[in-house]
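What follows is one structure encoded as structure tokens, with my remarks underneath.
The values are calculated or read from the model by the stated rules, or taken from the named source; none is laboratory data. The model shown is predicted, which means the values in this text are computed figures rather than measured ones. Here the Cβ is made from the backbone with ideal geometry for all residues, glycine too, and neighbour counts use every protein chain on show. With ligands, DNA and RNA removed, areas are computed over all heavy atoms of the protein, side chains included. Shrake-Rupley method; radii C 1.70, N 1.55, O 1.52, S 1.80 Å.
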Amino acid sequence: MDVLDMNNYKIEKLPKMQKSGFERKMQRFGGPLAILVFILLYYFVRIPFLDNLDTGSLTGAAAKRFGELGLGDFIRANYAMLAIFVAAIVLWITEAIPNYLTSLIVILSIVLTNITTDKVAYAQLGHPVMWLNILSFVLASMLVKTKVAKRFALWFVLKFGKSASGVIFSFIIINLVLSAFISATTAKAAILLPIMMVICAIYGATGGENRNNFGRNLMLQNLLQINLGANAFLTGSGATLLAGSLIAGAMGIGSFSYQDWFTAAFPMNVLLIFIGWFVGTRIIFPMKKDERKPQIEGGMERLREELKGMGKMKGEEFRAIAIFLCVLILWATDKQHGINQTAVAFLGAVVALMPKIGVVKWNEVDIPWHLLLFSAGAYTLGAGLDATGLPGTAVNAAFASLGITQNTPYWALYMILTSTMLLSALIFQSKTMQTLIFIPIAIGVCQSFGYPIMSLAFPIALLVGHVYVLPFNSKPAALLYTTNQYSWSDTFRFGITMMFISWLIILLWGQTVLHWFGYTPGLF
């Protein structure tokens, strides 16, 4: 195999990683366990805080649903919601069935158990955030089809990657730029993977027995950058969009501001990316002298040939760049013109698909509908939680059992929620699931303790992208692990270190930046 041929590193040509014995057992028993959990929670288990529900504390959709159902049926709806929620988490974690199928079952179950109306449940597929996801894939497909993203990545690496450190550093800029335009972290990983593999080969890292610290750094740094780069922008991933939507809904506003997210999130994530670069290349995986030098003569020349083979910039590439820049500018100035992110994405997609003017045709658009169905199920689950008020009820009961009262200081709540949010990433396979669980909890805590929604929900939202510790924590993590450039222990050592540092940074942010913007009262 020609290790410098990018065609050898397409996703479909990568080896499929076999599940471990434990993972296969989880998959085998996940279905029966989910059914058992549902039956026990819905029919047999009695939970005091649900049986003695404090209906006086209900607000919003939960208060409305209580008025529609009455006390008895509303309590049964809460039991059903808890049973469906736990069973869905079991299915999603064990992957007993495909995630999109779990979502379809969730939607159906919420309707059949009368948690909310079928109109509300089915309408989640038309949620503004769902449309934003679909339209973002249209815009991302435009960049992939015209090869603008690939051209930019190759040019930047050749221009600034004169050394090993320069190559790794150049990907920081590449990932941040792509994160502003592409809302799918897996798409970013797929675009950059062939380039990264060729660069690894140039520096003597061909995987397996030929691993070296350059390859470890390049892959793990990119995994961190892909996730944190997405977290720097409201439109960076489906999870950030969902987080903004949940917070906006709880606050009773139309949509979360792109500007507000950017001014708080971008500096923090850039800081963490640079810290990760230092920690990886200087402390955990310091590169030996020979690992800093290309091992294949003329290796970078192959990248230059790849770029040259793409020819001169074409008209469709210039149009793709112009469309995306206009979309990005409109997103970034949403508070000035008042047009929300979904409407802006609609405008960009319409222009991109327009005959003669646009640059992509509908049959060239790659929309992963299985991911969108998964998202629809997640949003429906969120609608069910909202209709029953279960997060707030559960949080009140949990805090009461732990001795956390209204006298508990804000800083303690902040530290508990942020640390739990980060640590939960170790067991989840999706940051969307994390968002769905922890943003409503943070909102419930705010409502119970009388704090503004943003004071706890926004810091939690800023942590949704930390899914890089283990190979199963996210799709980019699973994809990059198949390159065989690093081991489980490698990714855990680097990932858990960055997770702890991220917790310290979010504490610092709560005391400084978020306090200066008026989101938190400060921690101390």
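Looking at the range 239-307, the trypsin sites (Lys or Arg not before Pro) that sit in a DSSP loop and have at most 16 other Cβ atoms within 10 Å of their own Cβ are K288, K289. Shown is the FRET efficiency for M313 and S419, computed with R0 = 45 Å from the Cβ-Cβ distance and rounded to the nearest 0.05: 0.40. Centre-to-centre separation between the Cα atoms of the range 443-477 and those of the range 282-299: 37 Å. Packing-based ranking of 227-240, 36-49, 163-176 yields 227-240, 163-176, 36-49, ordered from highest to lowest mean Cβ neighbour count within 10 Å. Of interest is the spacing of the C-alpha centroids, which for the range 136-212 and the range 46-100 amounts to 44 Å. Going by the alpha-carbon gyration tensor, a ≥ b ≥ c the square roots of its eigenvalues, is the range 145-204 rounded (a/c under 1.5) or, if a/c is not under 1.5, prolate (a/b greater than b/c) versus oblate? Taking the square roots of the gyration eigenvalues as a ≥ b ≥ c, the range 145-204 is prolate. With a 1.4 Å probe rolled over the protein heavy atoms of all chains, the accessible area of T497, T388, T393 falls in the order T497, T393, T388, largest first. Each semi-axis of the equivalent ellipsoid for the chain is √(5λ) with λ an eigenvalue of the Cα gyration tensor; in descending order they amount to 40, 25, 23 Å. Computed extension gain for L508 through N210, at 0.36 nm per residue and net of the alpha carbon distance, reaches 103.3 nm.
Computed from label points 7 Å out along Cα-Cβ, the spacing between F524 and I35 is 5.4 nm.
Placing +1 on the Cβ of every Lys and Arg and -1 on the Cβ of every Asp and Glu, with nothing else charged, gives the chain a dipole about its Cα centre of roughly 1200 debye.
So between A400 and N52, what do we pick up on full extension, going 0.36 nm a residue minus the alpha carbon distance?
Between A400 and N52, full extension yields 123.9 nm more.
Counting only protein chain heavy atoms and rolling a 1.4 Å probe, the accessible areas of Y451, Y414 rank, largest first, as Y451, Y414.
In the context of the full protein assembly, K475 retains an accessible surface of approximately 100 Å², using a probe radius of 1.4 Å and ignoring ligands and nucleic acids. Can you give me the angle between helix 369-388 and the longest principal axis of the chain, using Cα atoms only, in degrees from 0 to 90, rounded to the nearest 10? On a 0 to 90 degree scale, this one is about 30. Roughly to the nearest percent, how much of the accessible area of the chain is carbon and sulfur, given a 1.4 Å probe? Within the chain, the accessible surface is 65 percent carbon and sulfur.
Remark: the range 327-432 is approximated by an ellipsoid whose semi-axes, taken from the C-alpha gyration tensor as √(5λ), come to 41, 19, 14 Å, largest first.
Largest first and in whole Å, the equivalent-ellipsoid semi-axes of the range 130-266 read 32, 15, 13, each the square root of five times a Cα gyration tensor eigenvalue. Within the range 234-312, the GluC sites (Glu not before Pro) that combine a DSSP coil assignment with at most 10 other C-beta atoms in a 10 angstrom radius are E297. Summary of packing: across the peptides 333-341, 348-356, the per-residue average of other C-beta atoms within 10 Å ranks them, highest first, as 348-356, 333-341. Treating the angle as unsigned and between 0 and 90°, give the value, to the nearest 10°, between the Cα long axis of helix 99-112 and the longest Cα principal axis of the chain. Here the helix axis deviates by roughly 20 degrees.
Working from Cα positions, state the angle (0 to 90°, nearest 10) between the long axis of helix 148-160 and the longest principal axis of the chain. Approximately 60 degrees, to the nearest 10. Taking 0.36 nm per residue of separation and subtracting the Cα-Cα distance, full extension of the segment from E305 to D366 would add 19.2 nm. Counting only protein chain heavy atoms and rolling a 1.4 Å probe, the accessible areas of W503, W331 rank, largest first, as W503, W331. How would the range 62-134 be classified by its alpha-carbon gyration tensor: rounded, prolate or oblate, with rounded meaning a/c under 1.5 and the a/b versus b/c comparison settling the rest? Oblate, because a/c is 1.5 or more while a/b does not exceed b/c. On the beta carbon distance between L104 and F22, with R0 = 30 Å, the FRET formula returns roughly 0.65. Going by a ≥ b ≥ c, the root eigenvalues of the Cα gyration tensor, does the range 259-407 fall in the rounded group (a/c under 1.5), the prolate group (a/b larger than b/c) or the oblate group? Oblate, because a/c is 1.5 or more while a/b does not exceed b/c. Among V148, A187, P98, which residue has its Cα positioned farthest towards the positive end of the charge dipole of the range 89-221, with +1 placed on the Cβ of Lys and Arg, -1 on the Cβ of Asp and Glu, and the dipole taken about the Cα centre? Sorting the options by dipole projection puts first V148. Rounded to the nearest 10 Å², what accessible area does W131 show when all protein chains are kept and the probe is 1.4 Å? Ignoring ligands and nucleic acids, W131 comes out at about 110 Å².
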